[in-house]
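*Asks:* Got a structure for you, questions after.
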Amino acid sequence: MKENSGRVVYPGEELAVEEEFEAGENVYSKDGKLFSMVLGKLNIDKEKRRISVRPLKTTRVAKVGDIVFGRVSLVYDNVIFVNLISVESKDNVAFPLAFGIINIRNVARTYIKNLKELFKVGDIVRARIIGIKPYSIELTTAEPSLGVVKAFCSNCRAPLKPFGQFLKCLVCNSTEKRKLAKLCAEVR
Ligand SMILES: [Zn+2]
C-alpha cells in the first residue's frame, strides 16, 4: 500500500484498510477497505490515523485525441500499461482512469514482434488517447512524434542518451532500443 501524503489518487482507488485508518473527507469504506470518492490529493493524518482526500480542481477530463505523458508500469509481449501523468500543455486535466494501455497493434505502423524489445518499465512515453472505455484508456504511439521520450538503462537505471537509432548508457555503456518519439528537443 502506497501511503505517501500528497500523491494523486483516483475515484475508486483503494487507499488503506480500515484497521489502519479511519475514513476522513471524501473517503468511503467497503468490505473493510478505504477508497477515494474523488480525484484528489491524498492526505494522511498519522496522529489521528485518519485518511482523507483533497479534491483537485480540474478544468476538464481527458478525451480521445489528447496527447498524454505517462510512465510505463508493466510490459507484456503484446500490451503495455502506462501510469498516466499529464495531458500535454494543459494543466488540471483529470484522467477518468489512472492508467492507459497500448496494444502491440497500436505501437507503430510497422510490424513489431514483441513489446519487451521496445519499452521498459519506468520509460516516459508520449501517446495519444484513441479510446476511453470503462476499464481502460487506450493509447497509441503509431505516429512519428509519439513513443518513448525518456528512457532509463535496464542495468543501472541511469538516463539513456539517443545514439543514432539506439540509446546508450553513459554510465555502464550498454546499448538499448526503444520505440522512440521523433522529437529531438524532448528526447534527452
Ligand atoms: Zn547503465
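Each value in this text was obtained by applying a stated rule to the coordinates, not by laboratory testing. None of these values were measured; they are calculated from a predicted model. Here the Cβ positions follow ideal geometry from the backbone for every residue, glycine too, while neighbour counts run over all protein chains shown.
*Asks:* What relative contact order, as a whole-number percentage, does segment 61-176 give when Cα pairs under 8 Å and 6 or more residues apart are counted?
*Replies:* 23
*Asks:* Residue separation times 0.36 nm, minus the C-alpha to C-alpha distance between residue 111 and residue 182: what's the value? Could you put the intermediate results ahead of the total?
*Replies:* Values: separation 71, 0.36 × 71 = 25.56 nm, distance 1.82 nm.
My answer for the length gained is 23.7 nm.
*Asks:* Ranked by Cβ crowding within 10 angstrom, fewest neighbours first, how are 170, 42 ordered? Walk me through the numbers before you get to the answer.
*Replies:* Values: 170 11, 42 21.
Neighbour counts put them in this order, fewest first: 170, 42.
*Asks:* Sorting 111, 28 on the 10 Å Cβ count, fewest up front, what's the list?
*Replies:* Result, fewest neighbours first: 111, 28.
*Asks:* When a footprinting reagent is the concern and you count Cβ atoms within 10 Å, what order do 130, 85 take, fewest first?
*Replies:* Exposure proxy ranking, most exposed first: 85, 130.
*Asks:* For residue 158, which sequence-distant residues (separation of 5 or more, or a different chain) have an amide H within less than 5 Å of its own amide H, given hydrogens modelled in the peptide plane?
*Replies:* Those lying under 5 Å, H to H, from residue 158 are 153.
*Asks:* Would you please name the GluC sites (Glu not before Pro) within segment 17-89 that are DSSP coil residues with at most 15 other C-beta atoms within 10 Å of their C-beta? Don't skip to the answer; put the middle values down first.
*Replies:* Values: sites: 18, 19, 20, 22, 25, 47, 88; in loops: 18, 19, 20, 25, 47, 88.
Answer in residue order: 18, 19, 20, 25, 47, 88.
*Asks:* Turning to a different aspect of this structure: State the three equivalent ellipsoid semi-axes of segment 61-176, derived from the C-alpha gyration tensor as the square roots of 5 times its eigenvalues, in descending order and whole Å.
*Replies:* Whole-Å semi-axes of the equivalent ellipsoid: 25, 15, 12.
*Asks:* Net charge within 9 Å of residue 118 by Cβ-Cβ distance, Lys/Arg positive one each and Asp/Glu negative one each, not counting residue 118 itself?
*Replies:* +4
*Asks:* Could you grab the relative contact order for segment 8-128? Cα pairs under 8 Å, six or more apart, rounded to a whole percent. Mind dumping the intermediate values first?
*Replies:* Numbers: 247 pairs, mean separation 26.6, N = 121.
Over segment 8-128, the number comes to 22 percent.
*Asks:* What Kirkwood Rh does segment 78-145 have if only Cα atoms enter the pairwise 1/r average? Answer in Å.
*Replies:* 12.7
*Asks:* Related question: Considering only DSSP states other than H, G, I, E and B, which trypsin sites (Lys or Arg not before Pro) in segment 111-156 qualify as loop sites with at most 16 other Cβ atoms within 10 Å?
*Replies:* Hits after loop and neighbour filter: 113.
*Asks:* Could you grab the relative contact order for segment 8-55? Cα pairs under 8 Å, six or more apart, rounded to a whole percent.
*Replies:* Working: 108 pairs, mean separation 20.2, N = 48.
It comes to 42 percent, rounded to a whole number.
*Asks:* Which far-off residues, 5 or more places away or on another chain, put their amide H under 5 Å from the one on residue 50, with H placed in the peptide plane?
*Replies:* For residue 50, whose amide H was placed from the backbone, the distant partners under 5 Å are 22, 45.
*Asks:* May I pose another question? So, R0 is 25 Å and r is the distance between the beta-carbons of residue 73 and residue 46; what FRET efficiency does that work out to, to 0.05?
*Replies:* The value I calculate is 0.35.
*Asks:* Here's something else I'd like to know. I want the local charge near residue 132. Using Cβ-Cβ distances under 14 Å, sum +1 for each Lys or Arg and -1 for each Asp or Glu among the other residues.
*Replies:* Spelling it out: positives minus negatives among the neighbours equals +2.
*Asks:* If you don't mind, there's one more thing I want to ask. Strictly over 21 Å apart at the Cα level, which of 113/133; 116/150; 30/63; 57/133; 63/150 would you flag in this model?
*Replies:* 113/133; 30/63; 57/133; 63/150
*Asks:* Also: Lys and Arg at +1, Asp and Glu at -1: add these up for the other residues within a Cβ distance under 9 Å of residue 33 and post the number.
*Replies:* Details: positive: 30; negative: 14, 18, 31.
Around residue 33, the surrounding residues sum to -2.
*Asks:* Moving to a separate point now. For residue 86 and residue 59, calculate 0.36 nm times their separation in residues minus their Cα-Cα distance, and state this gained length in nm to one decimal. All intermediate terms of the calculation are to be shown ahead of the outcome.
*Replies:* On the way: separation 27, 0.36 × 27 = 9.72 nm, distance 1.29 nm.
Between residue 86 and residue 59, full extension yields an extra 8.4 nm.
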